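One structure is given here, and the rest of the page talks about it.
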Amino acid sequence: DNARALILSILLYDQNKNNLALKLMPVYLSFIQYMQREGGNFRNFLSFNRNYLDEVGSEDSFGRTIWSLGYLICSGPNNSYKEFGRELFSNSVPHFKNLKYLRAISNTIIGISYYLCAHEGDDLLIKEINSLSEKLIDSYHVNKEDNWHWFEDILTYDNAILPLALLCHYQATGNSESLKIAMESIEFLNSFSFENGYLNPVGNEGWMKKHGKNPIYDQQALETMAMVLLYAKTFELTKDDKYLNMMQISYEWFLGKNSLHIPLYDFETHGCADGLQFNSVNRNQGAESTLAYFISHLTVLKTAEIEFQTLSSPLMQEDKVV
């Protein structure tokens, strides 16, 4: 959650130079530093009394932390924060090669792509992102079948992060195979994620097994955020308005454009419900879900600026001259 909060604070400061966001960045960054082990890996759980509750965190928490540090290095508000983030990031690099789980790999790829945005000539990190992306590509080829264009034999949580990672790999390196697989898997996601004009992210009641059906419920805010980020990046790279529309529809899931027509974002508390169940929303408003909403909200605003710049530019879009 602190890693996501760091991303949110950077997005918010970038959007409107929010002073509170600027003040909170070192809070989240200091927490990440406090959780980094001497060898560069990260713990995940800390008690209220600042006692460590684990020796090594999950691969997922590692990957999300790398994403946040990479984003700080690319888009942080000053060199002091960027250099501090780079030190923590560099300490963790030896652990990249040990990652086994696809979502951790994907989050790390995204983080490296942001790092390379600021340090594009770093041969070591180019080698690392290529190696990790190859694991995703290999998994896709192993599991792909007719009418099943996916990286695993089941869709579970944070699914959109996988094609997003390959889009980021393409953006950082120009790897055409990553782009091809990303677009194939995005179209596969699209084929069952939108019904009746709204988003139906994969539900967690049994998940979606190969050639099976999307169980619909329970739907999670984190999954919707991943879809928003995926379509924002796809629009950024392709300038195809259909992805802009899918991003907007995905975001509106939070506001009530969903299967129950109930908003998950609460305009009174400014929190976000934890999920959409078959007959109601989960009224708990956890940090993860609330962060998912605000990151989605700011991503939509940021992408709208990209759209405006595209419409205002006399440069070439795809293969057409405007």
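Report every pair of residues separated by at least 6 positions or lying on different chains whose Cβ atoms are under 8 Å apart, first residue within region 97-126 and in contact (Cβ under 8 Å) with a residue 60 or more places away in the chain and closer than 20 Å to LEU164 by Cβ, second polar (S, T, N, Q) and assigned to a helix (DSSP H, G or I).
Note: pairs meeting the criteria are LEU102/SER139; ILE109/SER133.
Filter region 173-227 down to the residues that are closer than 17 Å to ILE154 by Cβ and of a type in the set (D, E, K, R) and list them by number.
Scanning region 173-227 gives GLU205, LYS209, LYS210, LYS213, ASP218, GLU223.
Would you confirm, using the coordinates I've provided, whether ASP14 is closer than 27 Å to TYR157 by Cβ and of a type in the set (Asp, Glu)?
So ASP14 fails the test.
Please list, ordered by first then second residue, the pairs with beta carbon atoms under 9 Å, 6 or more apart or interchain, first in region 273-287 and closer than 20 Å to SER250 by Cα, second basic (Lys, Arg) and assigned to a loop (DSSP other than H, G, I, E, B).
ALA273/ARG283; ASP274/ARG283
Please specify each residue of region 256-299 satisfying the condition of being surrounded by fewer than 21 Cβ atoms within 10 Å (Cβ to Cβ), in contact with a Phe, Trp or Tyr (Cβ under 6 Å, 6 or more places away or on another chain) and of a type in the set (A, V, I, L, M).
Those that are surrounded by fewer than 21 Cβ atoms within 10 Å (Cβ to Cβ), in contact with a Phe, Trp or Tyr (Cβ under 6 Å, 6 or more places away or on another chain) and of a type in the set (A, V, I, L, M): none in region 256-299.
Does at least one position in region 65-82 carry a residue that is within 21 Å of the chain's Cα centre (by Cα), more than 23 Å from ILE161 (Cα to Cα) and among the charged types (D, E, K, R)?
The answer is yes; a qualifying residue exists.
Every number here is computed from the coordinates shown, using simple stated rules; none is lab data. Since the model is a prediction, treat every value here as computed from it, not as a measurement. Positions of Cβ are generated from backbone atoms using ideal geometry, with glycine treated the same way; all protein chains shown enter the neighbour counts.
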